[in-house]
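Asker: Would you mind keeping the following structure in view while I ask a few things?
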Amino acid sequence: METCTWAPTVFGGMEMAGGTRRETPVGEDLVGIIRGFSEHIEALGLSHLLIAQRWWGSGVEMESSSLDCTAMTALFAAYTTRTQLVTAIHPGFFHPAVLAKWAVSIDRLTAGRWSINVTSGWNLSEFDMYGIDPLEHDERYARSIEFIELLRGVWAHETFSYDGHYFQCEGLELEPRPTGELEIFQGGQSDAAISMAAGHSDWMFLNGGSLEKTKGIIDKVRRASAATGRDVKFALYGHPLCRPTDREAWEEIDRRAAALDPGLRAKRRGSTSGAEGMWADGDDLSHLDTNEGFSTRLIGSPETIVDRIQAFADIGVDMLHLTLGDPLFEEQVFPAIGAVGPRG
């Protein structure tokens, strides 16, 4: 099983109970964090790094605003040598033809260690702030499909034209040329997201969730992709909490859940109204962090968590997208993940 984590481009609001927020570092302080973090993940053997984009976030019921994903991808390109960099890009904020010029530069700087996460978006406030048409939910996915089609087109053809509803280009010659094929990730769990994955994407990032919930999404995508012939892979988010015993771990989780402000939960439901299929169930653990990571229940002793990871591999999860920082998890669980695969 492959592994991924968040790049440190956000400095607050990732946990809704017990989290911390600090000022965004400047200059050498920031570069030093990126350098040290890059050394750490490459020593761990992490396969992928997601450089996410939060154009605006309150840092309370959602993560705080991030540094720019394109600038930070370039910085991580300078300090990594093996990790695959995955940049989150919101269609509407970028034209795919212009983005392609930046992307092929990163592709060459990293010798092919770059992929894109096409994020249709759910935080409607940030669309409004930047003057971007948020569109209706399913229309955002239609815009993302055009974004992917144009980007794949210029990636694959020396000269390419595209005449879509949202994006156009005429006789575009992207030079220099990319080093290899383009790998596309996406998020979302709605019917529109599933349809886009089945027709256009290589990977789906899934919010955290139970085995039953995750299997239901994977099965729906597989049914949809049977008609298109695509083999979509799945990266599941999990926020591990590893302690010497299951009891110690769950006692800590219970303390965090008890400290969660009910008003904050309600505010989060309002702030995520632009999403469909995410943050939609009644699992209390889904409210402890911003992407439902604790609801994956990588919680307990090292042995318990490894067994849990194996269960997710058995239902079709190909990658764990993790929040790092739990020392016991990184020491005793992370080294075992690479050997985990589906049984039977």
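Asker: Anything in segment 113-141 that is of a type outside the set (Ser, Thr, Tyr), out of contact with any strand residue (DSSP E or B) (no Cβ under 9 Å at 6 or more places or on another chain) and either under 17 Å from residue 52 (Cα atoms) or touching a residue at least 40 places away in the same chain (Cβ under 8 Å) (or both)? List them, or say none.
Answerer: Selection gives 122, 123, 124, 126, 127, 129, 132, 133, 134, 135, 137, 138.
Asker: Any idea how many residues of segment 218-249 are in a strand (DSSP E or B), out of contact with any helix residue (DSSP H, G or I) (no Cβ under 8 Å at 6 or more places or on another chain) and aliphatic (A, V, I, L, M)?
Answerer: Total satisfying the criteria: 1.
For (1) surrounded by 14 or more Cβ atoms within 10 Å (Cβ to Cβ); (2) closer than 19 Å to residue 50 by Cβ; (3) modelled with pLDDT of 80 or more, each residue gets a yes or a no:
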residue	(1), (2), (3)
273	no, no, no
286	yes, no, yes
309	yes, yes, yes
321	yes, yes, yes
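Asker: Another question, then. Could we say that residue 209 is out of contact with any strand residue (DSSP E or B) (no Cβ under 7 Å at 6 or more places or on another chain) and within 30 Å of residue 283 (Cβ to Cβ) here?
Answerer: Judged against the criteria, residue 209 is a match.
Asker: Being touching a Ser or Thr at 6+ places or on another chain (Cβ under 7 Å) and touching a residue at least 24 places away in the same chain (Cβ under 8 Å) is the filter; apply it to segment 173-186 and report the residue that is surrounded by the most Cβ atoms within 10 Å (Cβ to Cβ).
Answerer: Result: 185.
Asker: Of the residues 227, 192, 197, only one is farther than 22 Å from residue 91 by Cα and aliphatic (A, V, I, L, M); which?
Answerer: Residue meeting the stated conditions: 227.
The values are calculated or read from the model by the stated rules, or taken from the named source; none is laboratory data. All of these numbers come straight from a predicted model, not from anything done at the bench. Note that each Cβ is placed from the backbone with ideal geometry, even for glycine, and that neighbours are counted across all protein chains shown.
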